[in-house]
Amino acid sequence: GFLEDGILVQDISRTRRRYLGSWTFPWDVMAVLPTELLCLLPGVPRVPGVPAARANRCLRVPRLFEAFDRCETRTGWPNVFRMAKLMLYLLLGIHWHGCLYFALSAHLGLGVDPWVCPSFTRLLRRYLHSFYFSTLVLATVGDTPEPQREEEFLFVTAGFLLAVLGFATITGNISTVIVNLSAADAAFYPDAGPVRRYLRARGVGGRLAGRVVRWHQHLRAQRKLPAEREVLRHLPRGLQAEVAASVHLAALRRVGLFRSWEHGVLRQLVLRLRPQVFGPGEFVCRRGDVGREMYFIREGRLAVVAEDGVTQLAVLGEGLYFGEISLINIKGNTAGNRRTANILSIGYSDLFCLGKEDLAEVLAEFPCARAAMEAKGRELLLRMGQLDTEAEAAAVAAEAEAERRLRGLEVVLEGLQTRAARLLAQLEASALRMALRVQRLEGRL
């Protein structure tokens, strides 16, 4: 196939026409011509597989590089592919160098001196000796027989120069792979180094620094990605929603509150979620704090603890949520926007965090979801004894009274608008009659 306006075209007839009209077609034809048949001509050495007879195969080198580039951009392990490609280049370079060494040895005479290839009877033994010799030269190991002739000196010198260039290329490729790995890690995972240096500069004990290091190690070991918004920020909003939904929608549907919600609500919600990971013994929220976020438990366990911070009153597991009471305006809530419990992470807990403004935007568009969340929060407050039913009834009555007055004001406003429209129409009619009278008087004068 080929790309047209960024879309992959796989129609065979169109692909055929495009390929036949491209500049690569004649090169590919010349690369596959059976030039080995030239060895059958009179005066040509009739040795099968003469390398010079297959020199046209080198015309496929640009296509090989193109295939490597495509594989590298499409594979899920690009660094492993680069290392494998580098090893292939090394083996191929040693093979070619060994072939040239054997050709020079055959030209000078096999076994005529200690430097050239010995005259072994088996072809495999000759190849292995040539490959071993080239490996020693190109790896700059040395330990090779001393050259005896000018051709041998020139060959060894050229081999050492190529080895120096090869080592520089290998070092550059390996350093590039390491830099790419570090850049990939930095794109997904935060670096613990700056925090550790900051704590050391401030003279903070090693216990807190150890917790920071263990938290970062847990992120990498469990492949937690807290920086998802930064990774997806360059994508269009629709594509962001698709990516976020494909990653988090299954986990979000395990939350009991969201099982009956519409798919559109969850798609709007998943873009506003922020993953957070809390370590063992870390408080997610404390009682009395001002609530600005609510949390959904994706993985892990959290404990509702008493004021002493040790006694566990309840344990929250996967699929549960908390913190919504301080975000939604439930009538009769005596706690207001304050937290009503102490939530402690037992182990490492993976949570979804949703801000107050984001929740308000989503619930404003989906009133059914808001009603379900308010009903759930009211039930919880009623069990905790923090719901003033009299205040709730008074608030409901006040809201009904306000609604009644609002409807009255709307009726009065509608009447005023009708009267204003009538007066405006009368004014326009009077102005028209006055203009006609003036026109008649002017005609008489």
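Tabulated data for the structure shown
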read-out	value
The chain - mean residue ellipticity at 222 nm from DSSP helices (-39,500 (n - 2.57) per run, n ≥ 4, rounded to 500)	-19500 deg cm²/dmol
For the chain: accessible area per residue (Å², 1.4 Å)	66 Å²
Sulfur and carbon atoms: percent of accessible area, the chain [1.4 Å]	61 percent
Pairwise Lys count, the chain - Cα closer than 28 Å, eight or more residues apart or different chains	4
Contour excess over end-to-end distance, with Cα ends at residue 99 and residue 113 and 0.36 nm allotted per residue	3.2 nm
Virtual spin-label span in nm between residue 433 and residue 69, 7 Å along Cα→Cβ	8.5 nm
Excluding exposed DSSP-loop trypsin sites (Lys or Arg not before Pro) (at most 10 other C-beta within 10 Å), longest clean stretch of the chain	260-445
R0 of 22 Å, Cβ-Cβ distance residue 265-residue 399: FRET efficiency to nearest 0.05	0.35
Computed FRET value (nearest 0.05) for residue 200 with residue 168, which takes r as the C-beta separation and R₀ as 25 Å	0.10
Listed candidates (1) 27.4; (2) 30.7; (3) 50.9 - label of the one calculated as mean projected area of the Cα convex hull in nm²	(3)
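The values are calculated or read from the model by the stated rules, or taken from the named source; none is laboratory data. These figures come from a predicted structure and were not determined experimentally. All Cβ positions, glycine included, derive from the backbone under ideal geometry; neighbour counts span all protein chains shown. Protein only, heavy atoms only, side chains kept; ligands, DNA and RNA dropped before computing areas. Shrake-Rupley method; radii C 1.70, N 1.55, O 1.52, S 1.80 Å.
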